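The values are calculated or read from the model by the stated rules, or taken from the named source; none is laboratory data. Since the structure is predicted, the reported quantities are computational estimates derived from the model, not experimental observations. Cβ placement follows ideal geometry from the backbone for every residue including glycine, while neighbour counts extend to all protein chains displayed. To get the accessible areas, we keep the full protein, side chains included, count just its heavy atoms, and leave off ligands, DNA and RNA. Shrake-Rupley method; radii C 1.70, N 1.55, O 1.52, S 1.80 Å.
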Amino acid sequence: MAKNTYPRCAQCPTRVCENRGGKAGDVPSLEKAPAFCPMKLMPEAYAAALTEYDKPKVKEFARLASVQEFQCYERGPDGLRTKLPRIEETIQFARKCGYKRLGLAHCAGLVYEAGLVAEILENNGFEVVSVQCKTGAVPKERIGVKAEEKIAGPEMWETMCNPIVQAMIINKSKVDMVIMLGLCIGHDTLFIKYCEVPLTVLAVKDRVLGHNPLAALYAGETYYKRLRGKIE
Ligand code: SF4
(Lines give C-alpha, C1' and ligand atoms only; values in the text may rest on other atoms or scores of the structure.)
Protein backbone atom coordinates (compact mmCIF):
# COMPACT_ATOMS: atom_id res chain seq x y z
CA MET A 1 0.00 0.00 0.00
CA ALA A 2 1.43 3.42 -0.95
CA LYS A 3 2.71 5.10 2.18
CA ASN A 4 0.76 8.30 1.65
CA THR A 5 -2.58 6.52 1.57
CA TYR A 6 -2.90 5.62 5.24
CA PRO A 7 -2.35 7.58 8.50
CA ARG A 8 1.23 7.64 9.76
CA CYS A 9 1.25 10.18 12.60
CA ALA A 10 4.22 8.43 14.20
CA GLN A 11 6.35 9.61 11.26
CA CYS A 12 4.91 13.11 10.92
CA PRO A 13 7.53 15.82 10.39
CA THR A 14 5.25 18.77 11.28
CA ARG A 15 2.55 17.71 13.79
CA VAL A 16 0.57 20.80 12.88
CA CYS A 17 -2.42 19.36 14.77
CA GLU A 18 -0.68 20.28 18.03
CA ASN A 19 -0.57 23.93 16.97
CA ARG A 20 2.24 24.57 19.47
CA GLY A 21 2.61 28.21 20.42
CA GLY A 22 -0.70 29.08 18.79
CA LYS A 23 -3.17 31.27 20.65
CA ALA A 24 -6.59 30.04 21.77
CA GLY A 25 -8.97 30.37 18.83
CA ASP A 26 -6.22 30.14 16.16
CA VAL A 27 -7.11 27.22 13.93
CA PRO A 28 -4.00 25.58 12.46
CA SER A 29 -3.69 25.38 8.68
CA LEU A 30 -3.48 21.93 7.15
CA GLU A 31 -1.17 23.21 4.43
CA LYS A 32 1.94 21.92 6.18
CA ALA A 33 0.39 18.60 7.20
CA PRO A 34 1.83 15.65 5.27
CA ALA A 35 -0.20 13.83 2.61
CA PHE A 36 -0.60 10.87 4.95
CA CYS A 37 -2.21 13.05 7.62
CA PRO A 38 -5.53 11.52 8.69
CA MET A 39 -7.00 15.04 8.83
CA LYS A 40 -6.50 15.13 5.05
CA LEU A 41 -7.26 11.48 4.34
CA MET A 42 -10.36 11.03 6.49
CA PRO A 43 -11.93 14.41 7.28
CA GLU A 44 -15.35 12.84 7.81
CA ALA A 45 -14.07 10.92 10.86
CA TYR A 46 -13.38 14.19 12.70
CA ALA A 47 -16.92 15.45 12.22
CA ALA A 48 -18.29 12.09 13.40
CA ALA A 49 -16.06 12.14 16.49
CA LEU A 50 -17.19 15.65 17.45
CA THR A 51 -20.80 14.49 17.21
CA GLU A 52 -19.93 11.79 19.76
CA TYR A 53 -18.41 14.41 22.11
CA ASP A 54 -21.70 16.27 21.93
CA LYS A 55 -23.37 13.43 23.83
CA PRO A 56 -23.54 14.85 27.38
CA LYS A 57 -22.06 11.82 29.19
CA VAL A 58 -19.24 11.43 26.69
CA LYS A 59 -18.52 15.15 26.81
CA GLU A 60 -18.35 15.17 30.62
CA PHE A 61 -16.09 12.10 30.68
CA ALA A 62 -13.78 13.66 28.12
CA ARG A 63 -13.76 16.93 30.04
CA LEU A 64 -12.85 15.21 33.31
CA ALA A 65 -10.05 13.30 31.56
CA SER A 66 -8.61 16.56 30.27
CA VAL A 67 -8.90 18.21 33.69
CA GLN A 68 -7.06 15.21 35.13
CA GLU A 69 -4.36 15.62 32.50
CA PHE A 70 -4.02 19.29 33.48
CA GLN A 71 -3.71 18.39 37.16
CA CYS A 72 -0.76 16.09 36.47
CA TYR A 73 1.42 19.18 35.91
CA GLU A 74 2.37 22.19 37.97
CA ARG A 75 3.88 25.43 36.82
CA GLY A 76 6.80 26.61 38.94
CA PRO A 77 9.53 29.22 38.54
CA ASP A 78 11.52 26.73 36.45
CA GLY A 79 8.64 25.91 34.12
CA LEU A 80 6.20 23.06 33.81
CA ARG A 81 6.75 19.95 35.94
CA THR A 82 4.98 16.64 36.17
CA LYS A 83 3.74 15.65 39.59
CA LEU A 84 1.60 12.50 39.70
CA PRO A 85 2.45 8.85 39.12
CA ARG A 86 -0.18 6.86 37.23
CA ILE A 87 -1.59 5.21 40.36
CA GLU A 88 -2.43 8.61 41.89
CA GLU A 89 -3.78 9.83 38.58
CA THR A 90 -6.06 6.80 38.49
CA ILE A 91 -7.34 7.48 42.00
CA GLN A 92 -7.96 11.15 41.27
CA PHE A 93 -9.73 10.38 38.01
CA ALA A 94 -11.94 7.71 39.60
CA ARG A 95 -12.92 10.22 42.31
CA LYS A 96 -13.70 12.87 39.73
CA CYS A 97 -16.01 10.46 37.95
CA GLY A 98 -17.76 9.65 41.24
CA TYR A 99 -16.73 5.99 41.05
CA LYS A 100 -17.05 3.91 44.21
CA ARG A 101 -16.43 0.32 43.12
CA LEU A 102 -13.43 -0.54 40.99
CA GLY A 103 -12.46 -3.76 39.26
CA LEU A 104 -8.90 -5.01 39.16
CA ALA A 105 -8.12 -7.55 36.42
CA HIS A 106 -4.63 -8.80 37.13
CA CYS A 107 -2.17 -11.45 36.09
CA ALA A 108 -1.28 -14.24 38.51
CA GLY A 109 2.35 -13.24 37.98
CA LEU A 110 1.59 -9.82 39.45
CA VAL A 111 -0.38 -10.97 42.48
CA TYR A 112 1.98 -9.12 44.82
CA GLU A 113 1.48 -5.87 42.93
CA ALA A 114 -2.28 -6.54 42.72
CA GLY A 115 -2.42 -6.86 46.51
CA LEU A 116 -0.67 -3.52 46.87
CA VAL A 117 -2.94 -1.83 44.34
CA ALA A 118 -6.07 -3.21 46.02
CA GLU A 119 -4.82 -2.02 49.41
CA ILE A 120 -4.01 1.45 48.09
CA LEU A 121 -7.40 1.76 46.39
CA GLU A 122 -9.24 0.52 49.47
CA ASN A 123 -7.32 2.93 51.69
CA ASN A 124 -8.56 5.64 49.36
CA GLY A 125 -12.16 4.67 49.93
CA PHE A 126 -12.89 2.43 46.95
CA GLU A 127 -14.40 -1.02 47.01
CA VAL A 128 -12.18 -3.30 44.91
CA VAL A 129 -13.32 -6.38 43.01
CA SER A 130 -10.21 -8.27 41.88
CA VAL A 131 -10.05 -11.20 39.51
CA GLN A 132 -6.87 -12.93 38.47
CA CYS A 133 -6.19 -14.48 35.08
CA LYS A 134 -6.00 -18.12 36.22
CA THR A 135 -9.50 -18.10 37.68
CA GLY A 136 -11.53 -21.09 36.52
CA ALA A 137 -8.65 -23.55 36.86
CA VAL A 138 -9.02 -24.67 33.26
CA PRO A 139 -6.01 -26.67 31.99
CA LYS A 140 -4.20 -25.31 28.94
CA GLU A 141 -5.01 -28.48 26.99
CA ARG A 142 -8.64 -27.20 26.81
CA ILE A 143 -7.60 -24.58 24.22
CA GLY A 144 -5.28 -26.89 22.33
CA VAL A 145 -1.95 -26.05 23.96
CA LYS A 146 0.44 -28.99 23.48
CA ALA A 147 2.25 -30.67 26.35
CA GLU A 148 5.60 -29.33 25.10
CA GLU A 149 4.18 -25.78 25.04
CA LYS A 150 3.53 -25.68 28.78
CA ILE A 151 5.88 -23.48 30.81
CA ALA A 152 5.88 -25.82 33.82
CA GLY A 153 6.82 -28.79 31.66
CA PRO A 154 4.99 -31.45 29.61
CA GLU A 155 4.04 -33.61 32.58
CA MET A 156 2.73 -30.79 34.73
CA TRP A 157 -0.69 -29.27 35.21
CA GLU A 158 -0.85 -25.74 33.89
CA THR A 159 -3.89 -23.50 34.25
CA MET A 160 -4.64 -21.39 31.21
CA CYS A 161 -5.07 -17.65 31.47
CA ASN A 162 -8.81 -17.05 31.14
CA PRO A 163 -9.33 -13.41 30.20
CA ILE A 164 -12.82 -14.06 28.84
CA VAL A 165 -14.17 -15.26 32.19
CA GLN A 166 -12.14 -12.54 33.92
CA ALA A 167 -14.06 -9.99 31.85
CA MET A 168 -17.39 -11.76 32.41
CA ILE A 169 -16.91 -11.71 36.19
CA ILE A 170 -15.93 -8.06 36.11
CA ASN A 171 -19.02 -7.31 33.97
CA LYS A 172 -21.25 -9.11 36.48
CA SER A 173 -19.70 -7.37 39.46
CA LYS A 174 -21.18 -3.96 38.63
CA VAL A 175 -17.94 -2.07 38.93
CA ASP A 176 -17.76 1.54 37.78
CA MET A 177 -14.40 1.05 36.05
CA VAL A 178 -11.87 -1.74 35.73
CA ILE A 179 -8.10 -1.41 35.99
CA MET A 180 -5.98 -3.86 34.01
CA LEU A 181 -2.73 -4.90 35.63
CA GLY A 182 -0.08 -6.87 33.82
CA LEU A 183 -2.14 -9.14 31.61
CA CYS A 184 -0.11 -10.97 28.96
CA ILE A 185 -0.20 -9.80 25.37
CA GLY A 186 -3.16 -11.42 23.62
CA HIS A 187 -4.84 -12.20 26.93
CA ASP A 188 -5.17 -8.46 27.38
CA THR A 189 -6.64 -8.22 23.88
CA LEU A 190 -9.30 -10.78 24.74
CA PHE A 191 -10.05 -9.11 28.07
CA ILE A 192 -10.60 -5.78 26.32
CA LYS A 193 -12.79 -7.45 23.70
CA TYR A 194 -15.11 -9.00 26.29
CA CYS A 195 -15.05 -6.26 28.93
CA GLU A 196 -18.22 -4.14 28.98
CA VAL A 197 -17.26 -1.56 31.60
CA PRO A 198 -14.99 1.49 31.30
CA LEU A 199 -11.43 0.23 31.33
CA THR A 200 -8.05 1.73 32.06
CA VAL A 201 -4.56 0.23 32.23
CA LEU A 202 -2.23 0.65 35.17
CA ALA A 203 0.57 -1.48 33.71
CA VAL A 204 1.24 -3.90 30.91
CA LYS A 205 3.35 -7.00 31.31
CA ASP A 206 7.01 -7.03 30.39
CA ARG A 207 8.64 -10.00 32.08
CA VAL A 208 12.15 -8.77 31.36
CA LEU A 209 11.92 -5.03 31.92
CA GLY A 210 9.96 -4.73 35.16
CA HIS A 211 6.70 -4.16 33.25
CA ASN A 212 8.15 -1.15 31.50
CA PRO A 213 8.29 -2.14 27.81
CA LEU A 214 9.52 1.28 26.78
CA ALA A 215 12.83 0.62 28.54
CA ALA A 216 13.83 -1.43 25.47
CA LEU A 217 13.29 1.69 23.34
CA TYR A 218 15.18 3.98 25.71
CA ALA A 219 18.10 1.56 25.49
CA GLY A 220 17.51 1.18 21.76
CA GLU A 221 20.76 2.88 20.82
CA THR A 222 22.77 0.48 22.97
CA TYR A 223 21.61 -2.81 24.50
CA TYR A 224 18.50 -3.17 22.39
CA LYS A 225 19.94 -1.91 19.10
CA ARG A 226 18.87 -5.17 17.47
CA LEU A 227 15.27 -3.96 17.63
CA ARG A 228 15.98 -1.20 15.12
CA GLY A 229 17.40 -3.52 12.47
CA LYS A 230 15.27 -3.97 9.36
CA ILE A 231 14.11 -7.50 8.57
CA GLU A 232 14.81 -8.21 4.88
S1 SF4 B 1 -2.71 14.38 12.58
FE2 SF4 B 1 -1.60 15.05 10.77
S3 SF4 B 1 -0.39 16.77 11.50
FE4 SF4 B 1 -1.02 15.64 13.30
S5 SF4 B 1 0.66 14.22 13.69
FE6 SF4 B 1 -0.85 13.15 12.44
S7 SF4 B 1 -0.08 13.44 10.37
FE8 SF4 B 1 0.89 14.98 11.62
When the chain is treated as a GNM, springs tying every alpha-carbon pair under 10 Å, which of GLU88, GLU119, GLU31 comes out with the largest mean-square fluctuation? GLU31
Per residue, how much accessible surface does region 59-117 expose to a 1.4 Å probe? Answer in Å², no decimals. 62
Once phi is turned into ³J(HN,Hα) by the Karplus curve 6.51 cos²θ - 1.76 cosθ + 1.60 with θ = phi - 60°, what whole-Hz value does each residue of region 89-95 show in order, with x for glycine and proline? 4, 4, 4, 4, 5, 4, 5
For the chain, the charge dipole (Cβ of Lys, Arg +1; Cβ of Asp, Glu -1; about the Cα centre) points to a positive end, and the Cα of VAL208, CYS12, ALA35 closest to that extreme belongs to ALA35
For region 149-159, Karplus couplings with θ = phi - 60° (6.51, -1.76, 1.60), whole Hz, Gly/Pro x: 9, 8, 5, 6, x, x, 7, 9, 5, 9, 6
Roll a 1.4 Å probe over the protein chains and send me the accessible area per residue for region 125-170 in Å². 58
Pick from ILE169, ILE91, ILE151: which is most flexible by mean-square fluctuation in a GNM of the chain where alpha carbon atoms under 10 Å apart are linked? ILE151
Karplus-derived 3J(HN,Hα) from phi for region 49-60 (6.51 cos²θ - 1.76 cosθ + 1.60, θ = phi - 60°), whole Hz, x at Gly and Pro, runs 5, 5, 4, 4, 5, 6, 6, x, 5, 5, 4, 5
Could you tell me which of rounded, prolate or oblate describes region 63-127, using a ≥ b ≥ c as the square roots of the eigenvalues of the alpha-carbon gyration tensor, with rounded for a/c under 1.5 and, failing that, prolate when a/b is larger than b/c and oblate otherwise? prolate
Take the chain, mark every one of the chymotrypsin sites (Phe, Trp or Tyr not before Pro) that falls in a DSSP loop and has at most 13 other Cβ within 10 Å, then report the longest stretch left between them, sites excluded. 1-156
Between beta-carbons, use under 11 Å as the cut-off and find the net charge around CYS9, counting Lys and Arg +1, Asp and Glu -1. +1
Within the accessible area of the chain (1.4 Å probe), percent carbon and sulfur: 58
With loop defined by DSSP as not H, G, I, E or B, and exposure as at most 13 other Cβ atoms within 10 Å, which is the longest segment of the chain clear of exposed trypsin sites (Lys or Arg not before Pro)? 33-82
With a 4.7 Å Cβ cut-off, tell me which Cys residues in the chain come up empty for a partner. CYS9, CYS12, CYS17, CYS37, CYS72, CYS97, CYS107, CYS184, CYS195
Using only DSSP helix segments of four residues or longer, with each worth -39500 (n - 2.57), what per-residue ellipticity at 222 nm results for the chain after dividing by its residue count and rounding to 500? -9500 deg cm²/dmol
Percent relative contact order of the chain, based on C-alpha pairs within less than 8 angstrom and at least six residues apart? 13
Check cross-link reach from LYS134 to the lysines: straight Cα distance under 23 Å, and skip same-chain residues fewer than eight apart. LYS146, LYS150, LYS172, LYS174, LYS193, LYS205
Per residue, what volume in Å³ does the Cα convex hull of the chain take up? 219
Say we join alpha carbon atoms closer than 10 Å with springs in a Gaussian network model of the chain; which of GLU127, GLU158, GLU89 then has the biggest fluctuation? GLU158
Between region 134-172 and region 21-75, what is the C-alpha centre distance in whole Å? 41
